[in-house]
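J.: Take this structure first; my questions come after.
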Amino acid sequence: MPSLAVSRSVEESLTPQKRRLRSNSTAAPETPISAPTKRKSPRRCLESSPSSHPTVSTRNDSIGPVSNSSKSLAEELSEDFSKKLNWNPSDASQVSAVKEALHVSTSPPTIVCREEEQRRVFDFCKACVEKEQSGSLYVCGCPGTGKSLSMEKVSNQLIKWARDGGFEPPEVLSINCTALTSSSQIFGKIVDNGYVKVKTSGTIAPLQHLQNVYSQKQQSSSSKMLLIIVDELDYLITKDRAVLHDLFMLTTLPFSRCILIGIANAIDLADRFLPKLQSLN
């Protein structure tokens, strides 16, 4: 079997050469290997003086070189904030404007994430105005979810829609039950504001006045459609639950022109306190 002969020169080229000592004067000078440059951390770059410019290297040739600024990143950010914020605590007009904007009674210009609920309530009220029929709604939810603000926006939209469509805009009455001294006072609020024109008598209670008006066609036709928004309906839940029941029953009278929207935090208010009203749909 023939053997393969390998020349000495080829064999030496395949064998890795040993590192030669520097003391050997006959050895060829080695190519110096440059030590890798240390990169500064972002914190050191920020703490460096403005005169020192940190260089940024990249391995991707498609990215252009980063321009070096004579100011540090912290100084640039501080200048940006100073340009945007012109707050002067000693200015009384600015302080009063901020207090007014941050007050809990200030309504925001827009209500987020309540478009669907507002549309449903608006469609209900619009149908009542078009047909000149009464109706009632019960709006419930946790505190701070935008119930009162949404109903206020719906009432404004309803008035604007009625004027643009040639309908007579309904009267809007907003009642907060926390301001009532007694639960039965809510009927007096409706009568005293003049939204329902009735012949007053000292011996007849306000509830009976409203029932008489909405039970007779002649008296009811002379009055406008009335949108009543009753907020904090939970305060009407007392031992005498007839007030809460009679309030919703105003919309079931034969010639009623009242649209009632009740707002409460209790989710099961209708199930627990108005079972009779639910039986009448």
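J.: Just list whichever of Lys126/Lys224; Lys153/Lys189; Lys99/Lys126; Lys99/Lys160; Lys160/Lys224 have alpha carbons separated by over 25 Å in the model shown.
T.: Working: Lys126/Lys224 15 Å; Lys153/Lys189 22 Å; Lys99/Lys126 37 Å; Lys99/Lys160 31 Å; Lys160/Lys224 16 Å.
In this structure, Lys99/Lys126; Lys99/Lys160 exceed 25 Å between Cα atoms.
J.: Probe of 1.4 angstrom, ligands and nucleic acids ignored: what's the accessible area per residue over the range 129-229, in square angstrom? Kindly include the intermediate steps, with their values, before the conclusion.
T.: Numbers: 5640 Å² over 101 residues.
That works out to 56 Å² per residue.
J.: If you take the beta carbon distance between Ala270 and Val104 as r and set R0 to 45 Å, what does 1/(1 + (r/R0)^6) give as a FRET efficiency, to the nearest 0.05? Each step should come with its number before you reach the end.
T.: On the way: r = 28 Å, r/R0 = 0.63.
My answer for the efficiency is 0.95.
J.: Now a separate question. Determine, at each q value in 0.19 (inverse angstroms), the log₁₀ of I(q)/I(0) that the Debye formula gives when each Cα of the range 143-260 is one equal point scatterer.
T.: Ignoring solvent entirely, the Cα scatterers give -1.12.
The values are calculated or read from the model by the stated rules, or taken from the named source; none is laboratory data. Bear in mind the structure is a predicted one, so any value in this text is a computation, not a measurement. With ideal geometry, Cβ positions are generated from the backbone for all residues, glycine too; neighbour counts draw on all protein chains shown. Remember, those area values only see protein heavy atoms, side chains included, never the ligands or the DNA or RNA. Shrake-Rupley method; radii C 1.70, N 1.55, O 1.52, S 1.80 Å.
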